[in-house]
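What follows is a short report on a single structure.
The values are calculated or read from the model by the stated rules, or taken from the named source; none is laboratory data. As the structure is a computational prediction, the values presented were derived from the model and not from experiment. So basically every Cβ, Gly included, is an ideal-geometry build from the backbone, and we count neighbours across all protein chains shown.
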Amino acid sequence: MAVSVIQSEGLLGYKARETTLQRAENQDRFLMERNGIYYYWRRVPSVVVHLDDRAPYIRISLKTDDLAKARAQRDLLEEADNALWASMLTENGKTDAAMNAYKVARNRAEALGFSYRPVVELSKLSMEDIRDRFAAVSDARTTPHAVEVAVMGGVDRPQVKVSEAFKIYCEEIVAAEIALKSEEQKKEWKKIKQYAVDAFISVIGDIAIEDITRDHAKKLHAYWSKKISGEADGKKKSASLGKRRMGDMSVLYKKYFAHLGVEKQNPFEELTFNQKFKKRRLPFPIEWVRDVILKPGALAGMNVDARHIVLVSIETGARPIELRYLRAERIKLADKVPHILVEPSFDPDDPHEVKTVSSVRRIPLVGVALEVMKLHPDGFPRYRENGRTLSQTVNKFLKENKLQPTGKETLYGFRHTFEDRLKEGRIDDELRKILMGHTIDREMYGSGGSLKLYQEEMMKIVYPFDPSIV
């Protein structure tokens, strides 16, 4: 019988020292069959043998003769023990220890076919469920005390503060969902979600997430209502902002307790805001771009990479982030129709997401955009992970050089101008959506058209330009 040992992984704790290949070859690890019934049989690692009262061996009847079922139960028990031993060897405070204990108990209960319920909730279960639980722990010879605790709910749910729950949400619950974001995207995502948590704490306090009531949620809703009306400080916030902040707290609450396997009424449910009119970014007038922005010398004082991103944005309508994340393999200058590919990266060393599924698209390079991209066959490394710096650089230059007709236009406004140009050029509605990366609200048929078609249509609206502006 192979026995795994645990090794340090810093803040991530400890895990079995087995390679993927070894695990595949040892799929029946920690399993022993006796009289047709499978047991979970494991030696307690020497580094924790003095801390685990089950030492030197753990022996738990899985009460099944089905090998596949035994393996699934073994996986849960193995994970529980690894977590338990990790908590014994780390000192991360009472909350972490309580959470580890709760997870261990939950996994052990699930391994034996029971949903975990703290002892105070057992009275709510059916008599049949209670009888089954007593039967599962009736054999004192093969049922360790730890299993009795798990099945009979001997570990209370930890009192985790909202700030701590948010940390668990980011690092455990949605870790897989955000894994393909770039580091910049992850930081921005977390910063936005943090706003909602900070607002809750400032209004209610950093209370245990278990203790949040409907009254707390209504108090938070009233706080955002005052922000939206301007009653709070005279500065009106958008209803969509309040909607997002309330929604983020609702999602945090819902996913946190789902993660624990607990059903709870969501106190934030239906507490939201509706906005009739959504504020939109101002486009630059079409003629302004042609006669002012593209005038020789107008952008000469801007650094080369920022200026070139502006020029490509003008002729492609691509979002600034889509241009910043371009790589050599997505810049097709040698193709019959030169173009760029907007798509996510699944490279674990260099991941990034796109805004929506419909954002994945091919955009022909025409006019000044083609000339610029010839100078950047590997994209724009300077701003690859510095979107905020790019926006600040461009917007500051536009303002200081009086290149905004109303003083409110920004870098993103060139994308809106591109859509206006497509409309003015009487470009087909669906092709406009394809080029912009917008959703087509009907079932899609065919490929959407050839790049040659896209190129021909875009040439109808291309800006004339002086080569010196590049």
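Looking across segment 324-359 at every residue that is over 27 Å from the mean Cα position of the chain (by Cα) and assigned to a loop (DSSP other than H, G, I, E, B), the one that is surrounded by the fewest Cβ atoms within 10 Å (Cβ to Cβ) is identified as ALA334. One residue stands out among those in segment 360-386 that are surrounded by fewer than 20 Cβ atoms within 10 Å (Cβ to Cβ) and hydrophobic (A, V, I, L, M, F, W, C): the one that is nearest to MET459 (Cα to Cα), which is LEU370. Counting only residues that are without any contact (Cβ under 8 Å) to a residue 24 or more places away in the chain and among the charged types (D, E, K, R), segment 304-329 holds 2 of them. All conditions in (1) buried (at least 17 other Cβ atoms within 10 Å of the Cβ); (2) among the hydrophobic types (A, V, I, L, M, F, W, C); (3) not assigned by TED's automatic domain parsing to the domain that holds SER238 hold for VAL292, with the sole exception of (1). Inspection of segment 217-238 finds no residue satisfying the criterion of being in contact (Cβ under 8 Å) with a residue 40 or more places away in the chain, under 25 Å from the mean Cα position of the chain (by Cα), over 26 Å from THR389 (Cα atoms) and in a loop (DSSP other than H, G, I, E, B).
Would it be correct to say that GLU430 is modelled with pLDDT under 95, charged (D, E, K, R), under 26 Å from the mean Cα position of the chain (by Cα) and over 17 Å from VAL304 (Cα atoms)? First the steps, then the outcome.
On the way: modelled with pLDDT under 95: yes; charged (D, E, K, R): yes; under 26 Å from the mean Cα position of the chain (by Cα): no; over 17 Å from VAL304 (Cα atoms): yes.
Here the answer is no, as GLU430 does not meet what is asked.
Restricting segment 264-289 to residues that are loosely packed, with under 14 Cβ neighbours inside 10 Å and under 30 Å from ILE209 (Cβ atoms) leaves a set whose member that is modelled with the lowest pLDDT is GLN275. For LEU411, the requirement of being of a type in the set (A, V, I, L, M, F, W, C), within 20 Å of VAL312 (Cβ to Cβ) and touching a residue at least 60 places away in the same chain (Cβ under 8 Å) is met.
Just name the residue that is nearest to VAL462 (Cα to Cα) out of those in segment 387-414 that are of a type in the set (Gly, Ala, Ser) and in a helix (DSSP H, G or I). My answer is GLY413.
To keep it simple, each residue is scored yes or no on (1) in a helix (DSSP H, G or I); (2) among the charged types (D, E, K, R); (3) surrounded by 16 or more Cβ atoms within 10 Å (Cβ to Cβ).
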residue	(1), (2), (3)
ALA176	no, no, no
ASP198	yes, yes, no
LYS243	yes, yes, yes
LYS254	yes, yes, no
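Of everything listed in (1) of a type outside the set (Ser, Thr, Tyr); (2) in contact (Cβ under 8 Å) with a residue 12 or more places away in the chain; (3) not in a helix (DSSP H, G or I), the single unmet condition for GLN194 is (3).
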